[in-house]
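J.: My structure is below; once you've seen it, I'll send some questions.
The values are calculated or read from the model by the stated rules, or taken from the named source; none is laboratory data. Computed from a predicted model, the values in this text were never measured in an experiment. Virtual Cβ from ideal backbone geometry, glycine too; neighbours counted across all protein chains shown. The accessibility values were calculated without ligands, DNA or RNA, using every heavy atom of the protein model including side chains. Shrake-Rupley method; radii C 1.70, N 1.55, O 1.52, S 1.80 Å.
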Amino acid sequence: MREALILTVAMTIIATSVYFFLVPSHASISSISGLGIVLSNFVPLPLSAITMILNVVLLVIGFFTCGKEFGVKTVYTSILLPVLLGLFEKLFPGSESLTGSQELDVICYILVVSVGLSILFNRNASSGGLDIVAKIMNKYLHMDLGKAMSLSGMCVSLSAALVYDKKTVVLSILGTYLNGIVLDHFIFDHNIKRRVCIITKKEEELRNFIINDLHSGATVYEAIGAYNMEKHREIITIVDKSEYQRLMNYMNNEDPKAFVTVYHVSDMRYQPKR
C-alpha cells in the first residue's frame, strides 16, 4: 500500500505537469502525452483517451516482445496517467495557460515533471510510454537505453511539425533536450556510484567506519609506491552520493593528509526495472 501510494503521488505530479503546463503550451516534449497532444488534432478524442490507447497498445507490444521485463509497476503507472488526465479534464475543463507564456509553460513542465519522474526512478519504477519503446529498441536494434530514449523522444518532438508552427516545433525540440539534461543532473547523477581508493595511517579505524557506520563493503589491497618501492595498504570501497559525503567528512576530520582517489563508476548508473 505504501509503494502504491508513493507511485500514485508521483504520477499525480506528472499528470499535473502534463495537463496544466504541457497541454497549454502545445509542445510535444519527449512523452506519450506529447504525442497525444499532436494526435488530438486528428482524432476526435480527449487527451486522456488517446494516452490510454497508446499506453495499452505499447504495454501489449512490450509484453509480447520483452516478456516479464515489464512489471506490475509499469502497468500501474501506464494506466494511472490517463486516468488522472481524465479526472483533470472533468474537474478543470478547457484548462488555459497558468503562466500566459508558451516558453514559461515548457520550463514549468520540465521542472515539475522531473520531480515526479525522480520519485518513480528512485522507487525502481518507470512511467511507461516511451520507456517501453526504448526497451524494445534496446532489445531488437541493440541500442543503448539512453540513446533509444533520446531518439524516440526527438521523433515525438518533431511530430509537432504536423500541426503547429515553427516556434512550437523548436520549443518541443529544445524542451526535449533540456528535459534530458535536467533528468541526468538531478536523477541519474544522484545514483552514480563512486569508487573511492584510500591510503591512510588510520587503516583499522577507516575499515571499521566503512563497515559499521556506512554499512558498506570494502577491499584491502597491498600497494607498492613506484618512487621508493614503499609498501602501503589501500582500502577500496564503492559508495553512493550520500555515503561518499559522509566518508569524505570522516576523512577530513580523522586523517586530512590521507591519499584519496575517486572514480565515477559509470556502468553502475541506476536503471529502473520495467
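J.: What distance in nm separates the simple spin-label points at ILE211 and LYS257, each placed 7 Å from Cα in the Cβ direction?
T.: Computed distance between label sites ILE211 and LYS257 equals 2.7 nm.
J.: Then there's this: Express the relative contact order of the chain as a whole percentage, based on alpha carbon pairs under 8 Å and six or more residues apart in sequence. It would help to have the intermediate numbers written out before the result.
T.: Details: 404 pairs, mean separation 63.1, N = 274.
Value for the chain: 23 percent.
J.: If you don't mind, there's one more thing I want to ask. With a/c under 1.5 counting as rounded, go ahead and sort the chain into rounded, prolate or oblate using the C-alpha gyration tensor (a ≥ b ≥ c being the square roots of the eigenvalues; past the cut-off, prolate if a/b is larger than b/c, else oblate). Intermediate values should be presented prior to the final figure.
T.: Values: a/c = 2.51, a/b = 2.37, b/c = 1.06.
Prolate.
J.: Between ASN122 and VAL9, what length comes free when the chain is fully extended (0.36 nm per residue of separation minus the Cα-Cα distance, one decimal in nm)?
T.: Working: separation 113, 0.36 × 113 = 40.68 nm, distance 1.33 nm.
Contour length minus Cα-Cα distance gives 39.4 nm.
J.: Show the residues, 5+ positions off or on another chain, whose built amide H is closer than 5 Å to the amide H of ALA223.
T.: HIS232, ARG233, GLU234
J.: Helix 166-183 against the longest principal axis of the chain: what's the angle in degrees, Cα atoms only, rounded to the nearest 10?
T.: With both axes taken from Cα atoms, the answer is about 30 degrees.
J.: Measuring from label point to label point, each 7 Å out along Cα→Cβ, what is the MET1 to VAL170 span in nm?
T.: Roughly 5.3 nm, to one decimal.
J.: Starting from the Cα-Cα distance between MET154 and LEU91, subtract it from 0.36 nm times their residue separation and give me the gain in nm to one decimal.
T.: On the way: separation 63, 0.36 × 63 = 22.68 nm, distance 3.17 nm.
The span from MET154 to LEU91 would gain 19.5 nm if fully extended.
J.: Let me ask you something else. Checking the a/c ratio against 1.5 first, then a/b against b/c, what shape does the Cα gyration tensor give for the stretch 1-83?
T.: Values: a/c = 2.36, a/b = 1.28, b/c = 1.85.
Here the stretch 1-83 falls in the oblate category.
J.: If you take the charge dipole of the chain about its Cα centre, with +1 on Lys and Arg Cβ and -1 on Asp and Glu Cβ, which of PHE64, ILE32, GLY180 is farthest toward its positive end?
T.: Ranked along the dipole, the leading option is PHE64.
J.: Rounded to the nearest 0.05, what FRET efficiency do LYS139 and VAL60 give with R0 = 22 Å and r taken as the Cβ-Cβ distance? Could you check?
T.: On the way: r = 16 Å, r/R0 = 0.72.
Using R0 = 22 Å, I get an efficiency of 0.90.
J.: Additional query: Short version: ³J(HN,Hα) in whole Hz for each residue of the stretch 217-234, in order, from phi by Karplus 6.51 cos²θ - 1.76 cosθ + 1.60 (θ = phi - 60°), x for Gly and Pro, what are they?
T.: For the stretch 217-234, the Karplus-derived couplings read x, 8, 10, 10, 10, 8, 10, 10, x, 6, 6, 10, 6, 7, 7, 9, 10, 9 Hz, x marking Gly and Pro.
J.: Please list 3J(HN,Hα) in residue order for the stretch 207-213, calculated via the Karplus relation 6.51 cos²θ - 1.76 cosθ + 1.60 where θ = phi - 60°; whole Hz, with x for glycine and proline.
T.: In residue order, the calculated couplings are 4, 5, 5, 5, 6, 8, 9 Hz.
J.: Determine the shape class of the stretch 62-183: with a ≥ b ≥ c the square roots of the Cα gyration tensor eigenvalues, call it rounded for a/c under 1.5, and otherwise prolate if a/b is greater than b/c, oblate otherwise.
T.: oblate
J.: Modelled label-to-label distance, VAL75 and ARG246, 7 Å Cα→beta-carbon offset: nm?
T.: Going from the VAL75 label point to the ARG246 one covers 3.7 nm.
J.: Same structure, new question: Residues with amide H under 5 Å of ILE29's amide H, sequence separation 5 or more or different chain, H placed in the peptide plane at 1.01 Å from N; which?
T.: Sorted by chain and number, the residues that satisfy this are GLY34.
J.: Within the stretch 236-262, list the residues whose amide N lies under 19 Å from a label point set 7 Å along Cα→Cβ of GLU222.
T.: Backbone N within reach: 236.
J.: Ok, one more. Which percent of the accessible heavy-atom area of the chain goes to carbon and sulfur, probe 1.4 angstrom?
T.: Working: 9310 of 14790 Å².
Here it works out to 63 percent.
J.: If you plug each phi of the stretch 32-38 into the Karplus form 6.51 cos²θ - 1.76 cosθ + 1.60 with θ = phi - 60°, what whole-Hz ³J(HN,Hα) values come out, in order, with x for Gly and Pro?
T.: With the stated coefficients, the stretch 32-38 comes to 5, 5, x, 5, x, 4, 5 Hz.
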